[in-house]
Amino acid sequence: MAAPAISMPSSSSKTESYVDNKRKEDIRQANIVAARAVADAVRTSLGPKGMDKMISTANGEVIITNDGATILNKMEVLQPAAKMLVELSKSQDAAAGDGTTTVVVIAGALLKQCMSLLSAGIHPTVISDSLHKAANKAIDVLTAMAVPVELSDRESLIKSASTSLNSKVVSQYSTLLAPMAVDAVLSVVDPSKPDLVDLRDIKIVKKLGGTVDDTELVKGLVFDKKVSHAAGGPTRVENAKIAVIQFQISPPKTDIEQSIVVSDYTQMDRILKEERNYILGMIKKIRATGCNVLLIQKSILRDAVTDLSLHYLAKAKILVVKDVERDDIEFITSTLNCLPIANIEHFRAEKLGHADLVEEVSLGDGKIVKITGIKDMGRTTNVLVRGSNQLVLDEAERSLHDALCVVRCLVSKRFLVAGGGAPEIELSRQLGAWAKVLHGMEGYCVKSFAEALEVIPYTLAENAGLNPIAIVTELRNRHAQGEVNAGINVRKGQITNILEENVVQPLLVSTSAITLATECVRMILKIDDIVTVR
Amino acid sequence: MAIERIFKDEASEEKGERARMASFVGAMAIADLVKTTLGPKGMDKILQSTGRGREVTVTNDGATILKSLHIDNAAAKVLVDISKVQDDEVGDGTTSVVVLAGELLREAEKLVAAKIHPMTIISGYRMAAECARHALLQKVVDNKEDAEKFRSDLMRIAMTTLSSKILCQDKDHFAKLAVDAVMRLKGSTNLESIQIIKKPGGSLKDSFLDEGFILDKKIGIGQPKRIENANILVANTAMDTDKVKIYGARVRVDSMSKVAQIEGAEKEKMREKVQKIIAHGINCFVNRQLIYNFPEELFADAGILAIEHADFDGIERLALVTGGEIASTFDNPETVKLGHCKLIEEIMIGEDKLIRFSGVEMGQACTIVLRGASHHVLDEAERSLHDALCVLSQTVNDSRVLFGGGWPEMIMAKEVDELARKTPGKKSHAIEAFSRALLAIPTIIADNAGLDSAELVAQLRAEHHKEGCNAGIDVISGSVGDMAELGISEAFKVKQAVLLSATEAAEMILRVDEIITCAPRQRENRIHAWKMICTSFHQGGNFVPILTS
């Protein structure tokens, strides 16, 4: 039977060959090249000996970091495919919090392999499907390798947190920060929902001055605010009764426009006196409930406090912290186990929170307010981060955030895998073996996937100044002999059993890095055109 | 002597052959653009916005691609329109319709070149389309009576629709989601009550269907986080003080205490309003506008859950699903219709806390929560799921089902070919051309999958020569397969819409023999005139008003 005469590119080759025109190849090529460029940019920051990047933003701000998500976020990429890699890193940040560099590096390596597969004439969707299968298999392998961990096993949790911290600027403080991260997360775990951790329950307060050594976990509440010092008010209150108020202690102001008509100067005196009485009346009501610490929400409508009211409050021996943000109110009230008060009429003793001590502490050039010994404290924690300069401080915060995320991952999925490139090389080995039993293009693609994963140990070794080829081949050898946990010990510059070296990471970080990177690569592969639209 | 010009300066006119060429070329270019997205192995496109933010969308949904294009060609616009209509009417087949119309025009172009009059082509196309529809009608399967079979039909249709989308790897999961959601609607095609929430994080597999309504908002501080047997008042009202809205209204007082009194009165008004609201006997209050600190505290004291700043879409939906009405005055509690639900609670999806209303009055409502790696994935997943939902809800009403994978096209092509042989005259060329255009669809599906299309389509044709054959293209294994065994089905309604609207669009474009481009409206006229006035001033001459319009 004659083939239908339809105008189309002549395709004569056998099945699964790929016939396409030049433009589409070019677009795919351009996408892959751009995405790989992004991956290469962050490659050198992988691992404990990875280097940092200095980013100077458009408004002159300087950031030093080796957190992949932060670097990519600040890079203003325009190419759509490159943008997708940036998104990828963000997703990993949201899903696992750590491994944001790893995920991009894996995606870059996969794309490199895809290039050669494409040039061999394999259809992109075939590659895409094979990648999906390989990724699923990889997850199975990883899960099989994983070691279960109990939340009571504090040591293991600390180990994995310190693995994450070791690659950061603050690595020398990992012995301090790692236990802190573990304690912080464990203290906010709700026993009724043991799998969920809301990191918003952990508040990180940054304060310039001191060194990272001075970072501490505060059982209570920390404000980066000064106590109001007007008229010599108290700065330290024991047995505090704390009120969180959302109204203002200042002369009344109506929503409707108003003006006070003053016709002679005696009237002026009277108005001044009235103002005083008005404020005094409010403060008396406050005082009557036994409240001695006031946290006042910032107001945009009018002054939350005036000099006059501060003066009276000081006289009444009430400690005042003003300008508390509205967004923070929920955190504060749940921590202090009190209720916000929106009107002076509702100021009642049962709405107050209780704490043993509220004090202002001088730190370097600034001051903070600490509330400790809170009665019936909610499931929240504060971490006070210190640093000698703004750059270190910011990086310390980011690192701590990563460490917190690592611990959170362990809470939601309680498995650990070895670090130091061990899981990747093991995956590469097992997938390579699996590829041999597969038929057709699939086997070929899975083999490439397996090879791509070697990029992690390769880069780790390279960044550590070791001979990458020697290390990776040695690693392969050790894994072939059944040492599943052999990995690169960057400190010693050799290959050791990495589990014994206490280099561990949560399973969730590894699995999500592989699934997300594969998903992203598959999406890039499937694109054959860039259309400019409105 | 002929008239020199009829039109204004900028207006242009193209006639006869040139006009037809222009519209053919434009339409074919559009069809070629989306052609590669067709079928389970179709490719995606990046849509890069030229606007602010240079946003990037990755999609293979024909309607989405076409909607966002800059188009200057009249015929191309017609194709974009039919794709839009297809999207609104049946939701799926947006690419197919454009590709088929493009192919019909491509064939027509050849016929026109062979000096066949466009009108002859049109009448041939019409006969062919009618015949093709009949061929399909004879082959449809209707399983409406058998609930079990009908459900499996729906599952198959959903899987076929999803297999060409980003969700193809988890199509079982999503097909089940979509079928469950549509079955809850019990025959209504109102997709409003299916709410789709996108939350980045996790993988697509973690998406789930929730029986109830989820609102992406926070519960006020100090208020109960869980309410059973809730009475819900949905409102759109300002919760700050009622102000005198006349401009310049102000109060004059002569002492501070009076200001305090006014402030107190304002507070009192707020309190009254809250009391009125509470008097409705509710335990949940949802407002579209902000609820300020003071009313929030009052609600908290009364043990009422108050949700502020719910978006407009959110409250309309909430009112719909809980069976309430949106209220804005609270003086007559008996006339206000309250919403009800069994349970309100706070749930956590990914990193975010959301509020779930379960056991709502309108049992049809449900929420699909999509999870995925990034916003690109989520957006595309939403579009794909929407397509599947549309098709399913249409199928529930019109339960006739066909096989997929190029099977319907082959059936139609065969019948149309028969017709061509029976028809005397030039028309038969057009009918034959129609059948070739139909064959283009399986050809493109095969091409997109990197298969040898000529070989496969020829094989298919041979298979279809037998009566009652279920053969279609099995893209996964790259061969001709039995569609009934593979479980690839499509809704009859979609195919019919594709066939008819593509034919109509092709017909419309074929009829064109002259394109008149109107002169663009002058925007800079006024500025121009102003400049002239200015220059005449500068020259010091007498000022002559030039502005006439």
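The values are calculated or read from the model by the stated rules, or taken from the named source; none is laboratory data. Keep in mind the model is a prediction, meaning the values are calculated, not measured. Note: ideal-geometry Cβ built from the backbone for every residue, glycine included; neighbour counts use all protein chains shown.
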A:THR254 meets each of (1) at the interface with another protein chain (Cβ under 10 Å from one of its Cβ atoms); (2) part of a helix (DSSP H, G or I) with one exception, condition (2)
Quickly run through the stretch A:484-527 and pick out the residues that are away from chain B (no Cβ under 14 Å), in contact with a helix residue (DSSP H, G or I) (Cβ under 7 Å, 6 or more places away or on another chain) and part of a strand (DSSP E or B). A:ALA486, A:GLY487, A:ILE488, A:ILE495, A:VAL504, A:GLN505, A:PRO506
Restricting attention to the stretch A:100-115, does a residue exist that is in contact with a strand residue (DSSP E or B) (Cβ under 8 Å, 6 or more places away or on another chain) and among the basic types (Lys, Arg)? no
Could you list, in sequence order, the residues of the stretch B:18-43 that are modelled with pLDDT of 85 or more and within 7 Å of another protein chain (Cβ to nearest Cβ)? B:THR36
For the stretch A:308-326, give me the residue count where each residue is more than 19 Å from A:CYS291 (Cβ to Cβ) and at pLDDT below 80. 1
Go through the stretch B:200-224 and give me each residue that's surrounded by fewer than 20 Cβ atoms within 10 Å (Cβ to Cβ), modelled with pLDDT of 75 or more and in a loop (DSSP other than H, G, I, E, B). B:GLU211, B:ASP216, B:LYS217, B:LYS218, B:PRO224
Checked the stretch B:411-432 for anything of a type in the set (A, V, I, L, M) and either surrounded by fewer than 24 Cβ atoms within 10 Å (Cβ to Cβ) or not in a helix (DSSP H, G or I) (or both); matches are B:ILE411, B:LEU419, B:ALA420
For the stretch A:46-67, give me the residue count where each residue is assigned to a loop (DSSP other than H, G, I, E, B), among the small types (Gly, Ala, Ser) and without any contact (Cβ under 8 Å) to a residue 60 or more places away in the chain. 2
Could you list, in sequence order, the residues of the stretch B:47-72 that are without any contact (Cβ under 8 Å) to a residue 40 or more places away in the chain, within 9 Å of another protein chain (Cβ to nearest Cβ) and surrounded by 22 or more Cβ atoms within 10 Å (Cβ to Cβ)? B:LEU47, B:ILE65
Enumerated strands (runs of 3 or more DSSP E) restricted to the stretch A:322-414, each holding at least 3 residues that are over 29 Å from A:TYR173 (Cα atoms) and of a type outside the set (Val, Ile, Thr): A:353-363
Being within 14 Å of another protein chain (Cβ to nearest Cβ), polar (S, T, N, Q) and outside any helix (DSSP H, G or I) is the requirement here; does A:THR532 meet it? yes
Please tell me if A:LEU466 is hydrophobic (A, V, I, L, M, F, W, C), more than 14 Å from chain B (Cβ to nearest Cβ) and touching a strand residue (DSSP E or B) at 6+ places or on another chain (Cβ under 9 Å). yes
Exactly one condition in (1) modelled with pLDDT of 80 or more; (2) surrounded by fewer than 23 Cβ atoms within 10 Å (Cβ to Cβ); (3) assigned to a helix (DSSP H, G or I) is not met by B:ALA175; state its number. (2)
Filter the stretch B:76-126 down to the residues that are free of Cβ contacts under 8 Å to residues at least 60 places away in the same chain and touching a strand residue (DSSP E or B) at 6+ places or on another chain (Cβ under 9 Å) and list them by number. B:ALA76, B:VAL80
Please indicate, with yes or no, whether at least one residue in the stretch B:497-509 is over 30 Å from B:ILE157 (Cα atoms), modelled with pLDDT of 50 or more and not acidic (Asp, Glu). yes
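I'd like the full set of residues that are within 12 Å of another protein chain (Cβ to nearest Cβ), among the aliphatic types (A, V, I, L, M) and in contact (Cβ under 8 Å) with a residue 12 or more places away in the chain, limited to the stretch B:449-472.
B:ALA449, B:LEU451, B:LEU456, B:VAL457, B:LEU460
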Could you grab me the full set of residues in the stretch A:212-251 that are closer than 24 Å to B:MET256 by Cβ, under 36 Å from the mean Cα position of the chain (by Cα) and away from every other protein chain (no Cβ under 12 Å)? A:SER228
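Just to check your reading of the model, which residue among A:VAL33, A:VAL38, A:VAL86, A:VAL42 is surrounded by fewer than 20 Cβ atoms within 10 Å (Cβ to Cβ), part of a helix (DSSP H, G or I) and at pLDDT 85 or above?
Exactly one of A:VAL33, A:VAL38, A:VAL86, A:VAL42 is surrounded by fewer than 20 Cβ atoms within 10 Å (Cβ to Cβ), part of a helix (DSSP H, G or I) and at pLDDT 85 or above, namely A:VAL33.
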